[in-house]
Amino acid sequence: MNGKERVLNALSFQPVDRTPWVPYAGVQTANLIGVDAQSYLNSVDLIVKGILKAGELYGPDGLPVVFDLQMEAEALGCGLKWAKNNPPAVATHVLERKSIADLALPTEKSGRYPIALESARRIVDALGDKIAIYALICGPFTMALHLKGTELFADMIKKHERVDEVMNFCNQVCMDLAKMYAPTGVDIIAVVDPMTSQIAPKQFDRFVKGPTTELNRFVRGMGLKVTSFCCGNATKNIELMCQTETDGIAFDENVSLAYVKEIATRYKVSFGGNLPLTTVMMFGSPLENVEEARRELEIGQGLGYILSPGCDIPYDTPINNLVAISNFINGKAQSLETLASDQQFKDEDEQQFDDVVIKPGEVFIEVVTLDSEGCPPCQYMCEAVKRILPKYEGRITWRESLVKTRAGIKRMASLGMKNLPAMLINNEVVFDNIIPSDAELIEAIEKRIQ
């Protein structure tokens, strides 16, 4: 059985000869070939070169073409903020100045669609007979936030028809892009909708479940597999995700693998994810990565399970850590000396994230994130703070504490936090994995500013 057969069997809830291994190598493959993320995501040649290198080094059973959830928003008129070691972030929201009626559906010539589609064709030609190729598209709810900004959360409370309008439009964009990817020969359309971890089950059921089910039926109707990705603590919505007629779900370390296995098995839906992106994959040693993979396999192994990281692998993740997991899953011998080698990152001087002394009449807000440059839930948690700053004119100070540093991980542990992103007000966790509306954040601030 080759890698492609393993993945497709797992997504069909059929037996495999061993657990499939799918590293979600996005901009980390740019690091593999020594280029920055912006150059990489704007070049067919670099994307193909990076994926082929990942295929050579990581012994995968499947790989994504490109991991960039902002491509659709860019094609629709949103401005992007580019970074050297992250995918771009949405900087301006087109529906803050236009209406949906003003927007034209993207075509194969829009934005960076030509780059993604040509990359898919070349990657399928090179690897498609050996491993499963995933084409990733931004899910409708996350895309709606890209277009509209955090005002969408307020509309979910009082203006349901506005949310339905933008969700229906975004779902059409998703279906159109899936239809464009189909002729390239990809095997799987992965609908990546991380912002759904930020809403309650009743909101998922009301606004997300219907459009996502329609999208999944459309993809399966083209003869492709479809999977649903969601990072953050999506525990509350896992069962609803399984009810959208998807072939598989993917999640990160905020969600219990054992819990998902029980739910997904009941629905005969494939499941994967859970390898910790920062604490283990980025900052751990090769041996620690192998031991974590072993623990995940002990819990998840069986029908439908795919070993994978929780999301897009960070740019600076050590290559040796991924190679060690690959060698382990593929049964290749590894020396103890190699496995026990030092972590790439040392305890050199870093910015420390300590409590801040609060002055009377002032408020300090801290947003603990993976990285707002590359993580949509983290971005919109920070954006929620920026939206209300003008109301308080100098009475609020705030910072973002990233767990992509050792200092950030220590800060998260000292606070006893388990979920990202989270917002603290005056050193107290107030919004945990839930992005507040303007009204909710203002109310929380007013309680404390006195």
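Just so you know, all these numbers are worked out from the coordinates, no wet-lab data involved. Source: prediction; values computed, not measured. Note that we place each Cβ from the backbone using ideal geometry, even for glycine, and neighbour counts take in every protein chain shown.
Stick to the Cα atoms of the chain, pair each with every other, and give me the Kirkwood hydrodynamic radius in Å at one decimal. Mind dumping the intermediate values first?
Working: mean 1/r = 0.0452 Å⁻¹.
About 22.1 Å for the chain.
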Subtract the Cα-Cα distance of Lys391 and Lys130 from 0.36 nm times their separation in residues, and report this length gain in nm to one decimal. 88.3 nm
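Based only on other Cβ atoms within 10 Å, what is the fewest-to-most ordering of Cys78, Cys378?
Details: Cys78 22, Cys378 27.
Ordered from fewest to most neighbouring Cβ atoms within 10 Å, Cys78, Cys378 come out as Cys78, Cys378.
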With point charges of +1 on the Cβ of Lys and Arg and -1 on the Cβ of Asp and Glu, referenced to the Cα centre of the chain, which listed residue (Asn86, Tyr259, Gly361) lies farthest in the positive direction of the dipole? Tyr259
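Scanning the chain for trypsin sites (Lys or Arg not before Pro) in DSSP loops with at most 10 other Cβ atoms within 10 Å, what's the longest stretch left with none? Display every interim value, and only then the final one.
Details: sites that count: Arg97, Lys109, Lys346.
Longest run free of exposed loop sites: 110-345.
How big is the Rg/Rh ratio for segment 363-449, C-alpha atoms only, Rh by Kirkwood, two decimals?
0.94
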Straight-line reach from Lys202: which lysines have Cα under 26 Å away, leaving out those fewer than 8 places along the same chain? Lys148, Lys158, Lys159, Lys236, Lys261, Lys268, Lys418
As an exercise, find the ratio Rg/Rh for segment 136-246 from alpha-carbon atoms, using the Kirkwood inverse-distance average for Rh. 0.96
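Around Ala75, under 13 Å between beta carbons, what's the net of Lys plus Arg minus Asp minus Glu among the other residues? Can you show the working numbers first?
On the way: positive: Lys109, Arg112; negative: Asp68, Glu72, Glu74, Glu108, Asp176.
Every neighbour counted, the sum reads -3.
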What lysines sit close enough to Lys447 to cross-link, taking a C-alpha to C-alpha distance under 20 Å and skipping anything fewer than 8 places away on the same chain? Lys359, Lys386, Lys391
Restricting to the chain, what percent of DSSP beta bridges are antiparallel, rounded to 5? 25
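Which net charge results for the neighbourhood of Arg162, defined as the other residues with beta-carbon distances under 10 angstrom from its beta-carbon, given Lys and Arg at +1 and Asp and Glu at -1? Before the final figure, lay out each step's value.
On the way: positive: Lys148, Lys158, Lys159; negative: Glu151, Asp155, Glu161, Asp164, Glu165.
Result for the local shell: -2.
Between beta-carbons, use under 14 Å as the cut-off and find the net charge around Glu214, counting Lys and Arg +1, Asp and Glu -1.
Details: positive: Lys179, Lys209, Arg217, Arg220; negative: Asp164, Asp176, Asp193, Glu245.
Around Glu214, the surrounding residues sum to 0.
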Exposure proxy ranking, count of Cβ atoms within 10 Å, fewest first, for Met195, Met167: Met167, Met195
Inter-label distance for Ile100 and Met222, nm, one decimal - labels placed 7 Å from Cα along Cα-to-Cβ: 2.1
Counting only DSSP beta bridges fully inside segment 363-449, the antiparallel percentage to nearest 5 is 55
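Counting alpha carbon pairs within less than 8 Å and at least 6 residues apart, what relative contact order, in whole percent, applies to segment 3-339? If you can, show how the numbers build up before the last one.
On the way: 687 pairs, mean separation 69.7, N = 337.
About 21 percent, as a whole number.
For each of Trp21, Trp398, count neighbouring Cβ atoms within 10 Å of the residue's Cβ, then give the residues from fewest to most. Write out the running numbers ahead of the final one.
Details: Trp21 26, Trp398 17.
Listing Trp21, Trp398 from fewest to most nearby Cβ atoms yields Trp398, Trp21.
Computed FRET efficiency, Cβ-Cβ of Thr279 and Gln334, R0 30 Å: what is it to the nearest 0.05?
So the FRET efficiency works out to roughly 0.90.
Once every DSSP H run of n ≥ 4 in the chain is given -39500 (n - 2.57) and the sum is divided by its residues, what mean residue ellipticity at 222 nm do you get, rounded to the nearest 500 deg cm²/dmol? If you can, show how the numbers build up before the last one.
Numbers: 18 runs with 190 residues, N = 450.
Result for the chain: -12500 deg cm²/dmol, rounded to the nearest 500.
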